[in-house]
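Beneath this line is the structure, given in structure tokens, with notes to follow.
Bear in mind that the values in this text are calculations on the coordinates, not laboratory data. Just so it is clear, the model here is predicted, and its values are computed rather than measured. Ideal geometry is used to build each Cβ from the backbone, glycine not excepted, and the neighbour counts take in all protein chains shown.
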Amino acid sequence: MRQTLAAVITTAMAAHAARAQALQPIHLAAEPFRAPEVRLLDGPFAEAQARDAEYLLSLDTDRLLARYRADAGLEPRAEGYGGWEAEGIGGHTLGHYLSAISRMYAATGDRRFQDRAADIVAQLAECQAANGDGYVAAIPDGRRVFAEVARGDIRTKGFDLNGVWVPWYTIHKELAGLRDANLYCGNSQALAVMRGLADWALRTTDNLSPEQLHTMLRCEQGGMNEVAADLYALTGDARYLTLAERFNDHQVLDPLAAGKDILPGLHANTQVPKLIGAARQHEVTGDPALGAAALFFWNAVTAHHTYATGGNSLNEYFGPPGAIASRLDGNTTETCNTYNMLRLTRRLHSWTADARHIDYYERAPYTHTLASQNHLTGAVCYYVPLRPGSQKPYQQLDSDFTCCVGTGMENHASYGDMIYSHDDEGIFVNLFIASTLRWPDAGLQLTQETRFPRRAAHHAHALARRPA
């Protein structure tokens, strides 16, 4: 059985590598605007963004960096935070936070966020230099785990790798934060630290067989295949496509590419980032199987596993297709899942400009993402419950630091992402969100005024003019 499994995985990896050698990026039918070109105007989304900005500025970056410094043998500048940050997933919040402040800088132009990103990146570079091999993390016992993995000694029960909670997931959050600091803040040092960490990941997995990689990928790994493909796009270094392929879970991707809904019983948010990574690789290589997997997954989730709010899952897991009416509870619709489904939807819409993607996209931010935030305090929900009579349980802002606190930081800094997009001929106005768009390449400025959803959508209108 093991030989058969290894043969299947080896064949899939070889086929992907052969297709990827063609390196023919796909043509995008609807490209997003750069984040600084869109600004929110007064309304519920701007209010949510403002609460998030206040929360981000209230956090102490030295506390988020404390365990990174300690792990590298450097003196921490403050005591680390508690919650998940004091557990096996320590360090994941810093990655989310770096993404959030980078995006908030792009969304608002407030240089306080850019300065914070620069300080975080500089301290991560200091830690990386102290480690001496590209590794930089705050994962308790992470050095032992990754040394064992590199030797092919791999053990997992699904959410642990050799006894430590989802270490590749945590590395992914850090890599994503460094990517966003480079993209949104123009921080070149972030790209250098990202490359050093990715090179370490390559060396750690260099000697693993396809079967060993498959065993490793039974443990949640976030979107490692996505950030590796992003790094290839940023650098042109094909080694990072190799890294992306190593993190493609073919036991999930291949059945989806063949049109099989294998989702019932799977942990939902373990799967969504895998498909974002598949979609990103399809964009940079044109690999049809990875594109087919992403499209089928999106269709299956939105048609058969999604509630009216745009969220999905009960107790973090997918159930039988089309049976969501029997799955109403206080632990429905994990916020992380919707965060990732929106990221996947943005990618798929850019391929074809299919209005179905926008039909889903306009549902989830209004009825799930906005609803996941306490608009007075900025606190966010892990679950948004759908059981009649249930109440939203908000997470503690400075002590829980769960995954949904992390994605919550990013959610409310990202509302401008899909209000508008464009092709070679014009603009797509995708969402009723009060905002302005400046399109310098076309010499165009557009203002959209609307109180939706507080008032009916027909009150929305847009004014476009060419700047004098």
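The distance separating the Cα centre of segment 373-412 from that of segment 172-214 comes to 29 Å. Per-residue extension of 0.36 nm, minus the Cα-Cα distance of residue 86 and residue 111, leaves a gain of 6.0 nm for this segment.
Taking the Cβ of residue 425 as the centre, find all other residues whose Cβ is under 14 Å away and add up their charges (Lys, Arg: +1; Asp, Glu: -1). Once positives and negatives cancel, what remains is -4. Candidate cross-link partners of residue 274 among the lysines, defined by an alpha-carbon separation under 26 Å and a same-chain spacing of 8 or more, comprise 157, 173, 260. For the chain, the equivalent ellipsoid derived from the alpha-carbon gyration tensor has semi-axes of 32, 26, 23 Å in decreasing order. When the Cα positions of 147, 46, 224 are compared along the charge dipole of segment 2-465, 46 comes out farthest toward the positive end, with charges on each C-beta of Lys, Arg, Asp and Glu.
Histogrammed with a bin width of 10 Å, the alpha carbon distances of segment 99-203 distribute as 16, 42, 28, 13, 2 percent, first bin at zero. Among the complete DSSP H segments of the chain, which ones combine at least 15 Å of alpha-carbon extent along their axis with a mean Kyte-Doolittle hydropathy of 0.0 or more? Length and hydropathy pass: 2-20, 92-108, 188-205, 224-235, 288-304.
For the chain, the 222 nm mean residue ellipticity estimated from helices alone, with every DSSP H stretch of n ≥ 4 adding -39500 (n - 2.57) and the total spread over all residues, rounds to -16000 deg cm²/dmol. Counting charges near residue 385 (Lys, Arg +1; Asp, Glu -1) among other residues having Cβ under 9 Å from its Cβ returns a value of +1.
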